[in-house]
Amino acid sequence: MQLASHGFKYLKFFPAEAAGGTAMLKSIGGPLPHITFCPTGGISLATAPNYLALKNVICVGGTWMLDKQLIENKDWQAIEALARQASELK
C-alpha cells in the first residue's frame, strides 16, 4: 500500500505461493484494483496459468525454466524449450 501511495502501479509479489498464491492476489484485487502484479516464488509451469488468469496479474516469473542441472550441462536447447513453453502460456 505504501508503494501504491507513491504512484507505483506494477509490483512484484514474492514469495507468491508461500504468501497465499492466487487466493491472496484475488483478495488484494478488491481493495487495490489499480495495482498489477508479477508474482514469483514457487510458481511452476503447471500453476502459472492460474496466475495469468487473474486480471491483476500481468506476468509471472519462475525458475522452472532455468533448471540448475540443465545449466550445469549447458543444455541450452532444453532451457530454450522451457522458456518458449513459458512464453506461450495464457
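Output wanted: per-residue J couplings in Hz (rounded whole) for segment 45-60, from phi through Karplus 6.51 cos²θ - 1.76 cosθ + 1.60, θ = phi - 60°, x for Gly and Pro.
4, 6, 8, 4, x, 5, 6, 5, 6, 7, 6, 9, 10, 9, 6, 10
Roughly what angle does helix 76-87 make with the longest principal axis of the chain, taking Cα atoms, 0 to 90 degrees, to the nearest 10?
Approximately 30 degrees, to the nearest ten.
In terms of modelled amide H atoms, which long-range or inter-chain residues lie less than 5 Å from the amide H of Thr36?
For Thr36, whose amide H was placed from the backbone, the distant partners under 5 Å are Tyr10, Leu11.
Please list the three semi-axes, largest first and in whole Å, of the ellipsoid equivalent to the chain, using sqrt of 5 times the eigenvalues of its alpha carbon gyration tensor.
The answer is 28, 13, 11 Å, longest axis first.
Every number in this text was worked out from the coordinates using simple rules, so none of it is lab data. Source: prediction; values computed, not measured.
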